[in-house]
Amino acid sequence: MSTVDLEQEFSDLKEVLQCPICLDTFTRPVKILSCLHSFCSGCLASVLETTTTSDSLKDLAAGELPPSLQLRCPICRRVNFGFSRIESLEDNVFAHRQLDRLAELDKQLGGYDYNGEDEEDNGEEEGEKKLSSSSSSSSSSSSSSAPVITDATKQKRKKLLDLIEEVSRREESINKSLAEALQMEEKVAENVCEQLYLVTDTFEQFERKLLDRKAVLTGELTRVSNYKLEKLGQQRKQLERDLEGIRNTVAVAKALNTASDDVFLQLEQRYIEHLNRLNADPSFEAPPREKNGVNVSLPARFDFLPVFGQISDKRNPVGVIGKEGMKNPMKNPTSVTISPVHEQVIIANTDNNSVDVYDLKGNHVRAITSAHGASLTNPRAVFFDDSTQSIFVVDKVSTAIRVFDINGKFLRTINRERLMGSTDSDVISSIAVYPETGNIVLCDTTNHRIQIVDPAGANVLSFGVKGSDERCFDSPSAIALDFSSGNIYVCDSGNNRISIYDREGNFKFQFGRKGTNPGEFDKPVGIAVDPITLSIAVTEPGRCRIQIFDKNGLYIYNFGSKGKAEGYFAAPSGLAFDCRGTLYILDSTRIQLF
């Protein structure tokens, strides 16, 4: 082995065989603690933690560990128990062997000042001298100047113990913080799992709703289209039969024109009359229309298929009723109803103190301003009953229901039964009539309830109190009926939702919550149900928008924004569908048709 290698090995051993206390090469004997840290025996004796009593010092001088002695490792601070003498600690045999090797290298290199193997006995004596020196010094101190040295040592040891206790408390605090951190990690991991589940579940629900809406729109389009195609097919067949009849008639008339005078004069008048009838028949005017009023074109809501969540700020109306400067202007109308047979629109013209009737071209037909000699005051609710061809009106002042015929003639007054807890100023904001029974459904906004009375005004059913539960309301503003099932749709303005009940008042379901996003409500006031598709339309004056939902309350689309032009709204309120699915929306001074 070269000299360089020997020097490198010697240097490495010198670095490894260094006592952590004296920072010098180990002096034999080298003691190893239970924590596997090694020290010179003399150095270990000099750092023992003990109370400085004369008895303990004597024990220490004798090389024994007093009962009060705690042997802590100077490096890791681990306490070593079960030893009565320092000499009883185990020797580090490996360190001794390494010291032997170090001494051998020292001889080979011949020049390092080292108290290795040759001085083994000397080293052992030196270790004993360290121990005896420490003990004798302590004994001497205790005998000569015991009070001074003892007090100073006590203070130093107390200071050291205080620092150790403070560090121990810090250790406890760190352990506690570590436990809290681990607990927080577990909670965060658990919360992340929950959120991932919620996100996955939400998107799965969203996907199901999209598929449901697709099925609703597809089914609605298919059903209406099939209905139209069936009617058009019937029209086409009838036109083909009529066309064949015309051709046959014309052929016979042409032949008659070439017949003899006797035959011509005998049949001429009959064929001329028949040709005149065919020529005047309006059913041959183009484009053909069905006799029941079903148009060839699809309803306006099929002009586009909105994407889920899409907001259409504007849709072009198919008609507008009401213009500035008209003879009977609209002043904040609140309720609208349709007479399909007469093709008339009837509104509660609230601030004009009248019920006004318009035709579909926007012409004012008549105004109803009084009932049995008493003037109407701020009429708020109006409904046309197709089964009796009657107009039902409730105004702000009277709690009675006024009934008129389609021509505005007063028929009768229905004094509804007042219920317990009714206020002196009940506000009936909406009214509807079941055609098969004649029972009248009233939306009692002031008392937060729905009341049903018979044609004589006797109470049949009443449900609802102020609150947010299933059978509770907060200032309900409007109702609509599904005549096919008898269900009652309630626009619960204060609770920002739509609630659905059967004709017996049993709760079925509800949808909506407070908000401005699609499908949410900000104080809705009007509601209407499409008799063809059972889709639901809701107005929000504050948002100047109309939202459309399917029969199950699933959001489809919305349209509208603030403005004065056609297709925009100032404050949409009441609304109604006609039998063709056209939507009539009251808007401050006009009615827009979609």
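The values are calculated or read from the model by the stated rules, or taken from the named source; none is laboratory data. Just so you know, these numbers come straight off a predicted model, no measurement behind them. Cβ placement follows ideal geometry from the backbone for every residue including glycine, while neighbour counts extend to all protein chains displayed. All accessible areas refer to the heavy atoms of the entire protein, side chains included, with ligands and DNA or RNA removed. Shrake-Rupley method; radii C 1.70, N 1.55, O 1.52, S 1.80 Å.
Taking the accessible area of region 516-583, probe 1.4 Å, and keeping the other protein chains in place, the carbon and sulfur fraction comes to 51%.
Taking all protein chains as they are arranged and a probe of 1.4 Å, the heavy atoms of residue 465 leave approximately 90 Å² accessible to solvent. Packing order of peptides 466-477, 36-47, highest average first: 36-47, 466-477 (average count of other Cβ atoms within 10 Å over each peptide's residues). Packing, taken as the mean count of other beta carbons within 10 Å per residue, orders the peptides 578-590, 218-230 from highest to lowest as 578-590, 218-230.
When each of the peptides 343-351, 553-561 is scored by how many other beta carbons lie within 10 Å of its residues on average, the order from highest to lowest is 343-351, 553-561.
The heavy atoms of residue 413 offer some 60 square angstrom of accessible surface to a 1.4 angstrom probe. For the residue pairs 228/323; 396/514; 327/409; 327/361; 409/551; 514/562, the C-alpha atoms sit more than 25 angstrom apart in 228/323; 396/514; 409/551.
Around the Cα centre of region 366-504, unit charges on the Cβ atoms of Lys, Arg, Asp and Glu (plus for the first two, minus for the last two) sum to a dipole of about 480 debye. In this structure the amide hydrogen of residue 370, modeled in the peptide plane, comes within under 5 Å of the amide hydrogens of 376, none closer than 5 places in sequence on its chain. Placing unit charges on the Cβ atoms of the charged side chains and taking the dipole of region 184-225 about its Cα centre, the candidate lying farthest along the positive direction among 217, 184, 205 is 217. Our note on the geometry: Cα centres of region 340-418 and region 193-249, 37 Å apart. Restricted to Cα atoms, region 448-594 shows a radius of gyration and a Dmax of 15.0, 46 angstrom. For the set 270, 545, solvent exposure ranked by accessible area (probe 1.4 Å, protein chains only) runs largest to smallest as 270, 545.
When region 529-594 is described by a simple charge dipole with +1 on each Lys and Arg Cβ and -1 on each Asp and Glu Cβ, the residue from 570, 547, 557 located farthest towards its positive end is 570. Rounded to the nearest 20, the size of the Cβ-charge dipole of region 470-560 about its Cα centre is 160 debye, with Lys and Arg at +1 and Asp and Glu at -1.
When the residues 504, 104 are ordered by accessible surface, computed with a 1.4 Å probe over the protein chains alone, the sequence from largest down reads 504, 104. Per residue, the solvent-accessible area of region 455-594 (1.4 Å probe, heavy atoms of protein chains only, all protein chains present) comes to 36 Å². Residues 277, 213 ordered from highest to lowest accessible area at a 1.4 Å probe: 277, 213. Rounded, prolate or oblate: which fits region 506-585 when a ≥ b ≥ c are the square roots of the eigenvalues of the alpha-carbon gyration tensor, with rounded for a/c under 1.5 and prolate only if a/b beats b/c? Oblate. Please report how far the C-alpha centroid of region 445-499 lies from that of region 563-594, rounded to the nearest whole angstrom. If we compute the Cα centre of each part, the gap is 24 Å.
Annotation: amide H of residue 433 within the under-5 Å range of 441, sequence separation 5 or more or interchain, hydrogens built in the peptide plane. Please report, as a whole percent, how much of the solvent-accessible surface of region 426-474 comes from carbon and sulfur atoms (probe radius 1.4 Å). Percent of accessible area from carbon and sulfur atoms in region 426-474: 51.
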